[in-house]
Structure formats: C-alpha cells, structure tokens
Amino acid sequence: MPAVKRASVRAVLAATGMAVLTGFAAPATAATPQATDAKPVVKSEQAQTHKKAKSVKTPTATQLMPMGVNAEQASFVPTAEQKANAEAIIKVGQEMKLPPRAWVIAVATAAQESTLNNLGHLGDQNDHDSLGLFQQRPSAGWGSPDQLTDPEYAARAFYEGLVNVPGWQDMALTDAAQAVQVSAFPYHYAKWEKLAANLVLAKYGKGPLAG
C-alpha cells in the first residue's frame, strides 16, 4: 500500500508540473528550463557590474599632478553647475582615452578662462568674440558660437589642440595650457592645478569636493 500511495502522489505532481521533493528528478516540463536559466543570467549581470565597479580606479596624485604644485594656488567652492561643467570636461577626456593629467590641464584651463561657467557673449565686457568654458573664439576657427557654448564640443576642441602639442605630457600645466590657448596671461593657469585635481577626484567620489 505505501508504494502505491507514493506512485499516486508522484503521478499527481507530474500532472500539475510540480517537482517531487524526495530526491527524484523533477519532471521535464517547459517551465523547468526557464526557471533554471533565469538564475545564471542574474548572477552573470551582477558579476559583470561588480567587475566593472572594481575596474574603475581613482587616479593617483602622481597621475593628476606629476610635478607637484609649483605655484601659489587659488580656489573657490564650485556650484553644482560648475561641477557639472568640470565633469563634462573630464568625461570627454575619458571618452578620448586621454590620461588623467590631460583632464587636470583642461579643467584648470577652464577654471582660469571662465571659472568653469559656460559663458555666452558678455557684450561690452566680452574679450573679443570669446565664448564658453574655454573662451574659444569663432573668429580664430574654434567653431561656431553654438558649438563653443556646448561644454562637450568645447572640451573636445581643447583636447584636440592639447594632443597636438609635442611633449605636452611632460610640460608644466601652465605651459601646456598656454600652448593651446595662447593667452595674454600665460602663467595664470598654474594657480588652478590643485582645484582641477580635486574636481577630478570628486568625480570618483573622493577628495574635499566630493558629494
């Protein structure tokens, strides 16, 4: 009688597509492969996300400021908009696969040119036809006014100028920036080096400007 009873229960469970929790194999139904497949996919996605998170390393001080700070530094507490503009500059540098040193040079340059504000034409106060984060001039061939007030376009234009400067990686920040910008005040870029490095660190949730 017990054997008949077990066979009867197994038959009922098989008919309803349920697994038998007795050490016997579950019936092969269309639902079983779907339930089995879903679990590894979730694990795989989690593993990939975890791997990606581990691969994002915060730049070191040597990568950001390989020569240290060689000038008196200036600073300000950036607004949310200024931080967003710095992040846009850094993002373009990352997309172009440039090293962290390039991001620092670019952010420091924009800090000097516009205090990281995306400036339109300022009328009588404007420096010729200079526009945007880097105060690039349409008349000098940098791009149209609409392009130069697009932070990502302006950043890309700056980086393209920077990488065409021979030996820029080994230059002092102010010399590398000046080689691109050709400013009337060539040494003013140096004072923003530490702020620029801190803004890069903030993008990674590190340093005094994080959060």
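Points to keep in mind about this one:
- Within region 173-189, the set of residues being of a type in the set (A, V, I, L, M) and in contact (Cβ under 8 Å) with a residue 12 or more places away in the chain comprises L173, A176, A177, A179, V180.
- Region 85-110, subset outside any helix (DSSP H, G or I) and in contact (Cβ under 8 Å) with a residue 60 or more places away in the chain, residue farthest from M65 (Cα to Cα): M96
- Unmet criterion (only one of (1) more than 25 Å from E81 (Cα to Cα); (2) touching a helix residue (DSSP H, G or I) at 6+ places or on another chain (Cβ under 9 Å); (3) hydroxyl-bearing (S, T, Y)) for S139: (2)
- Subset of region 142-158 (residues that are surrounded by fewer than 21 Cβ atoms within 10 Å (Cβ to Cβ) and touching a residue at least 60 places away in the same chain (Cβ under 8 Å)): E152, R156
- Test: residue in region 166-189 that is more than 14 Å from Q112 (Cα to Cα), surrounded by 15 or more Cβ atoms within 10 Å (Cβ to Cβ), in the same structural domain as K97 (by TED's automatic domain parsing) and within 18 Å of the chain's Cα centre (by Cα): no
- Residue count for region 171-211 under the criterion of being under 18 Å from F158 (Cα atoms), small (G, A, S) and part of a loop (DSSP other than H, G, I, E, B): the result is 3.
- Unique residue being in a loop (DSSP other than H, G, I, E, B) and either modelled with pLDDT under 95 or over 16 Å from the mean Cα position of the chain (by Cα) (or both) when the list is F134, F158: F134
- Check on D146, of a type in the set (D, E, K, R), out of contact with any strand residue (DSSP E or B) (no Cβ under 9 Å at 6 or more places or on another chain), assigned by TED's automatic domain parsing to the domain that holds A84 and not in a helix (DSSP H, G or I): no
- Selection of region 56-84 for residues being under 13 Å from V104 (Cα atoms) and touching a residue at least 60 places away in the same chain (Cβ under 8 Å) yields P59, A61, L64, M65, M67, V69.
The values are calculated or read from the model by the stated rules, or taken from the named source; none is laboratory data. Everything quoted here is computed from the prediction, not taken from an experiment. Cβ: placed from backbone, ideal geometry, glycine included. Neighbour counts: every protein chain shown.
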